Amino acid sequence: MKKKEFGFATKAIHLGQEPDPSTGAIVVPIFATSTYVQDELGKHKGYEYARVSNPTRTRLEQNLAALEGGTSAHVFASGMAAVTAVTQCFLKQGDHLICGHNVYGGVPRLFNQVLANYGVEFSYVDTSDAAAVKKAMRWNTRIIWIETPTNPLMVLTDIAEVAKVAHAGGAELAVDNTFMSPYLQSPIALGADMVMHSTTKFLNGHSDGLGGVIVGTKPHHAEKLAFMQKAAGAILSPFECWLVLRGVKSLAVRMVQHDKNGRAVADFLRKHKKVKKVLYPGFADHPQHELAKRQMKGFGSMITFETGSLNNAKKMLRKVRVCSLGESLGGVESLISHPATMTHAALGEHGRKEIGLTDGMVRISVGIEDAADIIADLDQALAAI
Ligand SMILES: Cc1ncc(COP(=O)(O)O)c(C=O)c1O
């Protein structure tokens, strides 16, 4: 059987995770070293200096490239460091990037408050409308950057459609696949050129490390991203690489449980009289439910719900006990957050209003605790409203 034919869980556990050839250790070692001893001038074992490459990092990059179906992967110190690397590698002064209008707030913050100072142009578009993306294309558009489903409004973009628009205009499509993980969504198979993850989330899965990855599909992705690791140096440390290697071994089973618990919590919230609205692509009446069924292998565990006001959100969030109030998502533990004052504060009131993000919205990353306990916790917390 060829490695390419292995199922997802087998790939996650074995690709890049082969036993250490020097000792037989079944777990990839943490190569805590800054440099490598060379046999003689110009003769070494493929590793020269740890900013350039590290065997633990190599193994993780092999694993993540395989899980996303790409040809290369490069890991960085955080998800935002990975986004930065893409812009450093593939954009220069005078270039234009089209970005989804309700992606993770840190992305437009980087674009508007850092990269705009270097003469890069940005347009923010509702990428759920492929015609709007087409209209926004310019002669100098190099990248379309999307997140699907979006954070926190759970709006989907048709990856295959937007990939066609990008390619017709000579641009590349990059997809932030953090919310779904490679288990539930495969953007490259749908035509995306690059996939990004904050490995901090589902890939690590245990809320114990930051990280980011860019999976590429073309030789110039691999060349430029490897060069940027060496040139700019925002690489992932061997220990954090090891944590992600350990985390992905259980990605398949975790995602099955996340998805199952997500369905149970979404159903509960929808029936709750204090909850005004639930944003979740698994509902048959979600405007893009058909696309969700076609494009994703499940609906994930990210759910946003409307409590009615900032005060209501505050009251309930003060009461949660099983769910932890905090930024981030994708850990085994249920994390609950308030996008308007936390992840999307940088968008400003006007920016949030424009995309329909209200002060009463609460976002939950449903963990893999017993669903009944998560539901009981939300029920008692909602009673405070
Ligand atoms: C969808 C998404 N993309 C990117 C990021 C940024 O990743 P990091 O926090 O690892 O820098 C986040 C962080 O919350 C995110 O949720």
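The values are calculated or read from the model by the stated rules, or taken from the named source; none is laboratory data. All figures in this text were calculated on a predicted structure; none of them were measured in a lab. Positions of Cβ are generated from backbone atoms using ideal geometry, with glycine treated the same way; all protein chains shown enter the neighbour counts. Heads up: the accessible areas ignore ligands, DNA and RNA and are worked out on the full protein's heavy atoms, side chains in. Shrake-Rupley method; radii C 1.70, N 1.55, O 1.52, S 1.80 Å.
Points worth noting:
- Taking the conditions (1) more than 15 Å from the ligand (Cβ to nearest atom); (2) in contact (Cβ under 8 Å) with a residue 60 or more places away in the chain; (3) of a type outside the set (Val, Ile, Thr) in turn, residue 352 satisfies each one other than (2).
- Residue match in the range 326-337 (condition: surrounded by fewer than 18 Cβ atoms within 10 Å (Cβ to Cβ) and free of Cβ contacts under 8 Å to residues at least 12 places away in the same chain): yes
- Within the range 175-186, residues that are part of a strand (DSSP E or B) sit with their Cβ atoms under 7 Å from residues that are more than 12 Å from the ligand (Cβ to nearest atom), at 6+ positions apart or across chains, in these pairs: 175/159; 175/187; 175/192.
- The residues in the range 221-239 that are open to solvent by less than 70 Å² (accessible area, probe 1.4 Å) and closer than 21 Å to residue 191 by Cα can be counted, and the count is 3.
- Taking the criterion of being under 29 Å from the mean Cα position of the chain (by Cα) and at positive phi, the only residue of the range 6-60 that qualifies is 16.
- Flag for residue 156 being open to solvent by less than 50 Å² (accessible area, probe 1.4 Å), within 16 Å of the ligand (Cβ to nearest atom), under 27 Å from residue 219 (Cβ atoms) and not in a strand (DSSP E or B): no
- Output for the range 67-105, where each listed residue is more than 15 Å from the ligand (Cβ to nearest atom) and of a type in the set (Ser, Thr, Tyr): 71, 72
Quick grid of which residues meet (1) crowded, with 24+ Cβ neighbours inside 10 Å; (2) at pLDDT below 95; (3) not acidic (Asp, Glu):
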position	(1), (2), (3)
304	no, no, yes
310	no, no, yes
324	no, no, yes
345	no, yes, yes
356	no, yes, yes
362	yes, no, yes
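- Qualifying positions in the range 159-182 - more than 16 Å from the ligand (Cβ to nearest atom) and more than 23 Å from residue 89 (Cα to Cα): 160, 161
- Taking the range 209-220 as the range and being closer than 30 Å to residue 334 by Cα and either within 11 Å of the ligand (Cβ to nearest atom) or open to solvent by 70 Å² or more (accessible area, probe 1.4 Å) (or both) as the test, the residues that pass are 209, 210, 211, 212, 213.
- Condition check for residue 168: under 15 Å from residue 217 (Cα atoms) and free of Cβ contacts under 8 Å to residues at least 40 places away in the same chain: no
- Scanning the range 240-263 for residues that are crowded, with 17+ Cβ neighbours inside 10 Å and among the hydrophobic types (A, V, I, L, M, F, W, C) turns up 241, 242, 243, 244, 245, 248, 251, 252, 255.
- Scan of the range 300-320 for residues that are on the phi < 0 side of the Ramachandran plot and touching a residue at least 60 places away in the same chain (Cβ under 8 Å), ordered by number: 301, 302, 303, 304, 307, 312, 315, 316, 317, 318, 319, 320
- Once the range 71-126 is narrowed to residues that are outside any strand (DSSP E or B) and among the charged types (D, E, K, R), the residue that is most open to solvent (accessible area, probe 1.4 Å) is 92.
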